[in-house]
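Input: a single structure, listed below in structure tokens.
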Amino acid sequence: MKRILFVEDESAIQKTLGESLRNKGYEVQAAMDGEVGLRLAKSEKPDLILLDLILPKLHGLDLLEEIRKDKETKNIPVIILTNLENIGEVEKALTLGATTYLVKANYSLEEVVAKVKKAMGDK
Amino acid sequence: MDFKLSQFNIFAQCRKYKIPLWQCPQFLFTVMGLFIMISSIVFYAIGERYIFDPRMVALVVILVAIILLIIAFIITHSFENLAEANRMKTEFVNIVSHQLRAPLTNLRWATQFLLSKEFQDSDQSEKLDYFDIIKENGNRMEGLIDDLLTITRLKEGKLDSKRSSFALEDLIEEVMNEYKPFFEANNIKVDFSPAKDLPKSFASYPLIRIVLENLIGNAVNYSQGAKKIDIGLKCQKDRIIFTIKDRGMGIPQEDQKYIFEKFFRAKNAVRTEVLGTGLGLFIVKLILDGMNGKIWFSSKVGKGSVFNFSLAIKN
């Protein structure tokens with residue numbers, strides 16, 4: 001079973017998107033803040049990370065930078081899932097090696113699940 | 001660019017920007033133009049009379065140049081202020097959009113999940129969780145819009161800020177009665193012990209009510225299982241001092257300097273999922289600043305917070 005690390009501080013989003021992904025057969029591990037997210041990314045080495053940007057304790061972009069610095073985690077695909085759409089954040093995330101940058105408000109739940117499946121190479 | 005006659009009405013233009021006349025670029029340009037014309041005439045007259053005394057001519061030129069420089073400086077400054085106000089407004093709209101998007105996404109996704117094929121076979125109790133998400137995020141959006149409207153109305157002076165003298169202890173009792181079901185739902189006992197023979201406060205009754213609702217609401221929301229809140233009221237010199245003490249989560253030291261800023265929420269409040277818009281204390285400070293009031297607090301993580309404000313008394 002493919003594993004996803006979902007770093008998101010909104011419990012409602014954790015519940016809806018997390019459950020949708022579990023229903024599609026993925027194992028979803030939740031992290032409610034940036035520090036826990038980074039720790040789990042390093043210890044669990046998931047197949048994909050879904051990452052919010054505004055997070056308690058550690059900003060999503062700093063977390064992404066840390067993941068990319070580490071030899072063991074640098075190749076994990078990361079999907080940024082946020083409501084921030086300033087060009088500065090988008091550019092920085094893509095420069096740091098984010099696979100995709102998704103603005104939550106612009107996508108339905110189904111569309112986000114489809115993007116995750118595509119990033120995992122599943123149909 | 002369309003030109004309308006109303007554009008030449010300087011006073012109307014300045015009123016539109018909602019800034020005082022002496023900060024309004026159009027008005028200042030007109031003053032500068034008039035000053036240049038008048039000073040040219042005066043300079044001509046003085047030049048005619050003191051033509052044989054170049055020192056006098058030089059002195060007048062220097063004085064005119066200084067006055068023109070001062071006016072030019074004020075004009076530049078007023079343009080900077082307008083540009084800054086514009087930048088802040090754009091930033092404010094960006095933040096508000098982001099703040100509204102979060103609950104809106106939660107609402108949409110919870111609804112989409114409830115309607116999804118996979119979810120149809122789920123049991124009733126699981127469904128209720130998603131209805132709770134919808135209800136909670138609807139309330140969150142409503143709270144945010146209410147707070148934003150309060151701020152806009154306060155800034156435009158559209159809320160009743162007329163001061164009158166009233167007994168603050170009566171207003172506190174009134175708010176406490178209104179909040180009784182809220183206290184009971186959170187299993188919190190609120191103890192109110194005002195000093196005796198307090199003088200009347202002199203402030204806006206409806207605005208101070210908003211202050212009390214916010215401070216009392218915060219004390220309950222951030223109590224996190226603590227069972228007691230104390231409210232005190234005393235008179236010190238010519239001020240009446242309100243105090244509210246909770247025994248909840250407290251505010252981390254590094255967050256304390258930001259708590260009166262717009263949309264700021266302490267890290268531990270976000271972490272423990274206490275709902276809030278990040279606008280309550282900003283509104284409280286805005287109101288108290290406008291009433292010549294003062295607000296201060298002390299707080300310790302895990303021990304709780306004490307918020308105080310003072311108001312002028314009726315002389």
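Remarks
- Helices (runs of 4 or more DSSP H) contained in the range B:110-208 and holding at least 2 residues within 25 Å of residue B:99 (Cα to Cα), modelled with pLDDT of 90 or more and more than 14 Å from chain A (Cβ to nearest Cβ): none
- Residue selected from the range A:1-14 under the condition out of contact with any Pro (no Cβ under 8 Å at 6 or more places or on another chain) and surrounded by fewer than 20 Cβ atoms within 10 Å (Cβ to Cβ), by the criterion nearest to the other protein chains (Cβ to nearest Cβ): A:11
- Taken together, A:22, A:39 contain a single residue that is surrounded by fewer than 21 Cβ atoms within 10 Å (Cβ to Cβ), farther than 15 Å from residue A:119 by Cβ and more than 14 Å from chain B (Cβ to nearest Cβ), which is A:39.
- Residues that are within 14 Å of the chain's Cα centre (by Cα) and part of a loop (DSSP other than H, G, I, E, B) within the range A:3-25 comprise A:8, A:9, A:10, listed in sequence order.
- Unmet requirement for residue A:44, which otherwise passes all of (1) within 14 Å of another protein chain (Cβ to nearest Cβ); (2) in contact (Cβ under 8 Å) with a residue 40 or more places away in the chain; (3) surrounded by fewer than 17 Cβ atoms within 10 Å (Cβ to Cβ): (1)
- Cβ pairs under 6 Å, 6+ apart, first in the range B:156-179 and of a type in the set (S, T, N, Q), second assigned to a loop (DSSP other than H, G, I, E, B): B:161/B:204; B:165/B:200; B:165/B:314
- Qualifying residue in the range A:104-122 (condition: among the aromatic types (Phe, Trp, Tyr) and away from every other protein chain (no Cβ under 14 Å)): no
- Residue match in the range B:49-63 (condition: under 28 Å from the mean Cα position of the chain (by Cα), farther than 30 Å from residue A:107 by Cα, at pLDDT below 85 and more than 14 Å from chain A (Cβ to nearest Cβ)): no
- Test: residue in the range A:47-57 that is surrounded by 13 or more Cβ atoms within 10 Å (Cβ to Cβ), assigned to a loop (DSSP other than H, G, I, E, B) and more than 11 Å from every other protein chain (Cβ to nearest Cβ): yes
- Residue within the range A:70-83 that is modelled with pLDDT under 95, more than 19 Å from residue A:19 (Cβ to Cβ) and in a helix (DSSP H, G or I) present: no
- Annotation: of all residues in the range A:83-103 being away from chain B (no Cβ under 14 Å) and not hydrophobic (A, V, I, L, M, F, W, C), the one that is surrounded by the most Cβ atoms within 10 Å (Cβ to Cβ) is A:101.
- Residue within the range A:59-82 that is surrounded by 14 or more Cβ atoms within 10 Å (Cβ to Cβ), more than 12 Å from chain B (Cβ to nearest Cβ), more than 21 Å from residue A:24 (Cβ to Cβ) and touching a Ser or Thr at 6+ places or on another chain (Cβ under 8 Å) present: yes
- Counting the residues of the range B:64-109 that are in contact with a Phe, Trp or Tyr (Cβ under 7 Å, 6 or more places away or on another chain) and within 14 Å of chain A (Cβ to nearest Cβ) gives 2.
The values are calculated or read from the model by the stated rules, or taken from the named source; none is laboratory data. Everything quoted here is computed from the prediction, not taken from an experiment. Note: ideal-geometry Cβ built from the backbone for every residue, glycine included; neighbour counts use all protein chains shown.
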